[in-house]
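This report concerns only the one structure given below.
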Amino acid sequence: MTVAITAQNVWKNYRLWGRGSQFATLKSALLKRDLKFEPESSVPALKNVSFAIEKGEAFGVIGRNGSGKSTLLKIMSGILKPTSGRMIVQGRIAALIELGAGFHPEITGRENIYINGIMLGLSRREIDARFDRIVEFAGIGEFLDQPVKTYSSGMYVRLGFAVAVHVDPDVLLIDEVLSVGDEEFSAKCVAKIQEMKYRGVTLVFVTHQLDQVRNLCDRALWIDHGEAVMIGDPVRVVDAYLQQVAGGARATPPAPSSQDQEVPAPSEEPEEHDKNDLLEEERWGSGEVILRRVALVDTEGRDLVALGAGTPVTVEMDVEVRVAQTDFVFGIGIYHADGTCVYGTNTDLEGLMPDNLDANGRVRFVMPSLDLVAGSYRIDAAVHTRNGRAFDYRRGVLRFVVGSRVHDTGVYRPRHDWKFEGGITFRSVDMLKRNVPAPIAEYIRENETPPAPEPKPTFRKRKKRE
């Protein structure tokens, strides 16, 4: 893969000026005959941060306020230079670093569109070709010829995002500004981000909306006090961050017994595995509640590892409670062998409000018909808080194979039938032979020996009584 962004041992220090130097003037410096201004101290905003982002990757950056996230994006965009180290970015960059950045408040929205487009490397003709799409996406047509200083913060975001995504950037940087927009525009932005991701645009965004990181990102970086604490799978990075944020607010869970599989501490780095390796389960969480057993069973309660399409199945989770909880969610995710999410849900999404979890129990996720096409699949199971902090997350806890005589493609087989009207006709083919090409199946049908007709029953005529 082509690397779009490379950070090599990046440091960024900000100078701190004391009271004496902060208010120094040229006159006072001349009187003192000392023109040398030295900061009293400096503070590192980034400390030896290194990573590489591949082209077309969606990369999230999370962390507390003041941890260095915005500084990192400003170095990527070229607004700031690192104190030491290197930041290499390939391609055209569009950035939404802060509210109103790049806009002149005294001129109109129309004029700002052209100025921003030129700053991002477009010609006037290219901006003309994109102008109507930008205005339509921003949805501020009636205010287009008003000075930008009269715009609300939401209108700033609408116009800035619309310009940034329509200049065909190779790299798009977004720093938390989308949280200012309304719900409708946020959904519109997320859809546009997904479209750009599919087109191969590299996306880097800082956000406190952790669900966006889980759902949109391929990888995530957690920064704390300027240091890269963890980088990798977004679900695991977000969960580790939430564990750290929770800190000592909750009681320390008892240590697992010797027969348990120990739940890894969130600070531990996962082992490196090939993406296609389906033999290794990953597990993490606080351990206050654990999923002792997770099984895929049939209607008789028998464990399944291979099943046919449309089979009724149940995912059973035996729950052990080590610390009583009032905030808890049970979740299930089904994934294809290539990592594609087939389906995922949890009790919170389906409107089940947690009440009390103070004793061991069993959770059953019942599927009357698991309509998957032939292939290999995995199941993730989890119990976590409503904000996503994992008690026990078991990735790839179950793996199973679906077999089928029908060789269709994809992951999901909806219930369906074919209907034809007009001059479209098909000759019927034995459904059991649909796993072979139609001409072969037809040849088999025509050359099969027809079964011998069953003999007709004979009846004796009863004699008439005299």
Condition test on E195, is it surrounded by 14 or more Cβ atoms within 10 Å (Cβ to Cβ) and in the same structural domain as S70 (by TED's automatic domain parsing)? no
Taking first residues from region 174-194 that are under 14 Å from A162 (Cβ atoms) and at pLDDT 75 or above and second residues anywhere that are of a type outside the set (A, V, I, L, M, F, W, C) and not in a helix (DSSP H, G or I), the pairs with Cβ under 7 Å that are 6 or more apart or on different chains are C189/G181
Is there a residue in region 87-103 that is under 23 Å from L159 (Cα atoms) and at pLDDT 90 or above? no
Got a sec? Which of L296, L307 is surrounded by 20 or more Cβ atoms within 10 Å (Cβ to Cβ) and within 18 Å of D371 (Cβ to Cβ)? L296
Scanning region 112-125 for residues that are in a helix (DSSP H, G or I) and touching a residue at least 24 places away in the same chain (Cβ under 8 Å), which turns out farthest from V148 (Cα to Cα)? G117
Out of the residues in region 338-371 that are assigned to a loop (DSSP other than H, G, I, E, B) and small (G, A, S), which is nearest to N215 (Cα to Cα)? G339
Those residues of region 164-178 which are under 17 Å from the mean Cα position of the chain (by Cα) and either surrounded by fewer than 19 Cβ atoms within 10 Å (Cβ to Cβ) or assigned to a loop (DSSP other than H, G, I, E, B) (or both) amount to E176
Q209 vs (1) surrounded by fewer than 21 Cβ atoms within 10 Å (Cβ to Cβ); (2) modelled with pLDDT of 85 or more: all pass except (2)
Is it the case, given these coordinates, that L307 is at pLDDT below 90 and in a strand (DSSP E or B)? yes
Hits in region 376-395 - residues which are more than 11 Å from V329 (Cα to Cα) and surrounded by fewer than 18 Cβ atoms within 10 Å (Cβ to Cβ): S376
Does D128 qualify as being outside the structural domain of C189 (by TED's automatic domain parsing) and under 19 Å from K192 (Cα atoms)? no
Region 279-304, residues that are part of a strand (DSSP E or B), under 28 Å from the mean Cα position of the chain (by Cα) and within 25 Å of A359 (Cα to Cα): R283, W284, V289, I290, L291, R292, R293, V294, A295, L296
With (1) modelled with pLDDT of 90 or more; (2) surrounded by fewer than 12 Cβ atoms within 10 Å (Cβ to Cβ); (3) hydroxyl-bearing (S, T, Y) as the list, and T6 as the residue in question, which single condition is left unmet? (2)
Of all residues being under 21 Å from S376 (Cα atoms) and among the hydrophobic types (A, V, I, L, M, F, W, C) in region 318-362, which is farthest from the chain's Cα centre (by Cα)? Just the residue, please. A337
So, of the residues in region 184-223 that are assigned to a helix (DSSP H, G or I) and hydroxyl-bearing (S, T, Y), which turns out to be nearest to R158 (Cα to Cα)? S186
Looking across region 328-349 at residues that are within 20 Å of A374 (Cα to Cα) and among the aromatic types (F, W, Y), the single one that is surrounded by the most Cβ atoms within 10 Å (Cβ to Cβ) is Y335
Test of understanding: among V402, V406, which residue is out of contact with any Cys (no Cβ under 9 Å at 6 or more places or on another chain), in a strand (DSSP E or B) and modelled with pLDDT under 90? V402
Which of the residues spanning region 127-156 are within 22 Å of D168 (Cβ to Cβ) and exposed (fewer than 15 other Cβ atoms within 10 Å of the Cβ)? D128, A129, D132, R133, E136
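The values are calculated or read from the model by the stated rules, or taken from the named source; none is laboratory data. Fair warning: this is a prediction, and the values are worked out from it, not measured in the lab. Glycine gets a Cβ as well: all are built from the backbone with ideal geometry, and neighbour counts include every protein chain shown.
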